[in-house]
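Okay, structure first, notes after.
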Amino acid sequence: MESKQYKRKDKTMHIAEYFYTTKVVEPLLPVISKTFITPNMVTIFNSFLAMFIFYLAYNQRYIWVAILIQCYLFLDILDGNLARYKNMKSDLGAKLDSINDRIFYTLIFIFIGIGEVPLYLIISVIFLINLYAILATFYIVPRLRKLETVERHGVKKYFMDRGFIIGMDLGTVDILVTIFLLLGKINILYIILITGFILDIIVRLSELWWNEKLEKDK
């Protein structure tokens, strides 16, 4: 049974997520929902696609990696939207999707970087991408949700007011990977990812602590 309320209540999205959701996934949902395809099938297929991408990256077929990582992103966005559209949300599906992403975004930077960039850059990217996920999931977001209001400033506020989140989400990571692999600038990719995650962690923690202080002073 298709859900009439399949869209998320939170309308703000990262830019890559917005593009794939509104321009690609949503127009396809009425068609895909009429097939035998389930959200978990999409997730499982994506795990096999991930292994193929690892193989290509290990063999330095970076153009194909650049293209297929966008396919991975599309399918990653599709499974959640399809689950809501078909009323097939499940804890198993959510956990499977999360595990899929954690494995993919850890191993892909090993296979891309091995033999191409210094080991410390590979370790730094892997550490920061997982630290970011842990902080956001278990510390920043839960504490922000406890606040009555959240004040934002500057560029972030400008884009948030227009429905866009600026930050290092996985979609942004995929876009950066695609661009710099196509340009053949792998070292620069790792440096930009490291810089981006450090800055985003600082901004998000500062924003959280500032808002907690404001609420405490009320």
Seminar exercise, completed: When (1) part of a helix (DSSP H, G or I); (2) over 20 Å from the mean Cα position of the chain (by Cα); (3) of a type outside the set (Phe, Trp, Tyr) are applied to Leu147, the one that fails is (1)
Exercise. Gly93 passes all but one of (1) touching a Pro at 6+ places or on another chain (Cβ under 9 Å); (2) of a type outside the set (A, V, I, L, M, F, W, C); (3) without any contact (Cβ under 8 Å) to a residue 12 or more places away in the chain; which number fails?
Worked result: (3)
Exercise. Do you know which of the residues in region 144-165 that are surrounded by 14 or more Cβ atoms within 10 Å (Cβ to Cβ) and of a type in the set (Lys, Arg) is modelled with the highest pLDDT?
Worked result: Arg152
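What number of residues within region 208-218 are surrounded by 17 or more Cβ atoms within 10 Å (Cβ to Cβ) and either more than 12 Å from Thr149 (Cα to Cα) or aliphatic (A, V, I, L, M) (or both)? Give the derivation first.
Within region 208-218, the first condition is being surrounded by 17 or more Cβ atoms within 10 Å (Cβ to Cβ), and the residues that meet it are 208, 211.
Filter again for either more than 12 Å from Thr149 (Cα to Cα) or aliphatic (A, V, I, L, M) (or both), leaving 208.
Qualifying residue count, region 208-218: 1.
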Problem set entry | Among residues of region 97-125, those that are surrounded by fewer than 18 Cβ atoms within 10 Å (Cβ to Cβ) and among the aliphatic types (A, V, I, L, M), counted | 7
Seminar exercise, completed: Residue pairs within 8 Å by beta carbon, gap of at least six or interchain, first lying in region 22-48 and within 14 Å of Ala83 (Cα to Cα), second aromatic (Phe, Trp, Tyr) and part of a helix (DSSP H, G or I), listed first then second, are Val25/Phe74; Leu29/Tyr85; Ser33/Tyr85
For this session: Among the numbered conditions (1) surrounded by 13 or more Cβ atoms within 10 Å (Cβ to Cβ); (2) out of contact with any helix residue (DSSP H, G or I) (no Cβ under 6 Å at 6 or more places or on another chain); (3) modelled with pLDDT of 95 or more, tell me where Asp169 comes up short.
Result: (3)
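The values are calculated or read from the model by the stated rules, or taken from the named source; none is laboratory data. Please read all numbers here as calculations on a predicted model, not as lab measurements. Here the Cβ is made from the backbone with ideal geometry for all residues, glycine too, and neighbour counts use every protein chain on show.
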